[in-house]
Each structure stands twice: as C-alpha cells, then as structure tokens.
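The values are calculated or read from the model by the stated rules, or taken from the named source; none is laboratory data. This structure is a prediction, so every number in the text was calculated from the model and none was measured. Methodologically, a virtual Cβ is constructed for each residue, glycine included, from the backbone with ideal geometry; neighbour enumeration extends over all protein chains shown. Just the protein is used for accessible areas: all its heavy atoms, side chains included, with ligands, DNA and RNA removed. Shrake-Rupley method; radii C 1.70, N 1.55, O 1.52, S 1.80 Å.
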Amino acid sequence: IRKLMAMATSANEAEAAAFAGKAQALLAEHNLSLDDIKGPEDDEMGMDISTLTDAYPWRRPLADAVARMYFCSYAYGEMMKGKTKYDVHGFIGRQHNVEVAKMMFDYLWRAIDRMARDAAKKLPAKQQSPFRVSFRWGASRRLVARIEERIGAAKSGLLIGGSGSRLP
C-alpha cells in the first residue's frame with residue numbers, strides 16, 4: 001500500500017488515479033487507515049525536555065534505561081528555581097517513542113516515590129528519610145537491570161519480534 005501511495009504521485013494523472021484507487025481499495029479491504037500503514041521512515045523526530053523533577057540522581061539512570069527501551073536518547077540538565085535545584089529530563093527520538101518513554105518514566109519514578117513513602121511510614125521517624133533514599137536507589141537499580149535484561153533479550157531474538165528492532 002505504501003508503494004502504491006508513492007506511485008500515486010505520478011505526473012501521469014490516469015496512472016496516479018489508478019494507483020490511488022488501488023491503495024484506497026486495499027485500505028478499505030483490510031480496514032486500515034493511512035496512519036496504520038505509516039512506516040518508521042515517516043515518523044517525525046522529536047524531543048521533549050518538559051519533565052522536571054527534584055534533583056534526585058536516582059532518577060537519571062532510570063530515565064536513561066527507559067529511553068533506550070523505547071529507542072530514544074536521554075539527556076538531563078540541572079536548573080535552579082530560587083534556591084531549589086531541579087533536573088530537566090530530555091528524551092530524543094521518534095515522536096511516538098519519545099511520548100511513550102516520557103510517560104513510562106513518569107509512571108515509574110512516581111511509583112517508586114510512592115512505594116518509598118508508604119513503606120517508610122512503618123518505621124520510626126528518624127529512620128524514614130534514610131530508608132526512602134535507599135529504597136529509591138534500590139528500586140531504580142533493579143528496574144534498570146530488568147530493563148537491560150529485556151533490551152538484551154530483544155536484541156538476541158529471545159522475544160517475539162526478535163529482530164531487536166521492537167520490544168513487546
């Protein structure tokens with residue numbers, strides 16, 4: 001269908017109409033839209049630097065691993081707002097991959113934070129802060145290790161779609 005659509009831009013009007021008609025017939029036959037047949041080469045590259053978090057360094061390796069899992073690059077910077085330091089997390093890649101990586105990172109760091117706070121409540125007040133710091137680092141490292149395992153399995157063909165170009 002992609003080839004037919006490319007040929008539908010022919011200078012010959014009759015040819016172009018025939019190719020476009022055949023492409024439309026195939027789309028209808030298989031209940032597809034033009035978005036469904038869009039290939040990776042059609043995707044726009046994107047960058048998102050809108051994720052702002054407190055400057056806790058345990059988030060950085062997690063963001064990097066999540067970015068790689070979704071075929072993106074990761075970069076971070078630091079900024080000051082008043083006396084408070086923040087991390088600015090950036091994801092770079094195809095726009096849909098950037099959006100998924102950003103959402104997954106946001107979900108994971110918030111889940112780790114929530115679990116650390118909930119578990120710390122069961123401890124005496126003096127032990128809560130060091131526990132939260134240790135919990136966050138440990139959870140982040142374990143997630144990074146699991147993501148690395150998943151990426152390695154995909155690249156070695158052990159997952160469905162084992163070309164290494166897709167993750168489930």
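Observations
- With respect to the conditions (1) open to solvent by 60 Å² or more (accessible area, probe 1.4 Å); (2) under 22 Å from Ile151 (Cα atoms); (3) of a type outside the set (S, T, N, Q), Ala65 lacks only one, and its number is (1).
- Residue check for Leu32: hydrophobic (A, V, I, L, M, F, W, C) and either modelled with pLDDT of 75 or more or outside any loop (DSSP other than H, G, I, E, B) (or both): no
- Residue list for segment 37-73, filter: over 17 Å from Glu99 (Cα atoms), touching a helix residue (DSSP H, G or I) at 6+ places or on another chain (Cβ under 8 Å) and at pLDDT below 75: Ile37, Gly39
- Val88 being at pLDDT 90 or above and within 17 Å of the chain's Cα centre (by Cα): yes
- Applying the condition of being under 19 Å from Gly46 (Cβ atoms) and either β-branched (Val, Ile, Thr) or touching a Lys or Arg at 6+ places or on another chain (Cβ under 6 Å) (or both) to segment 79-126 and asking which residue is surrounded by the most Cβ atoms within 10 Å (Cβ to Cβ) yields Phe91.
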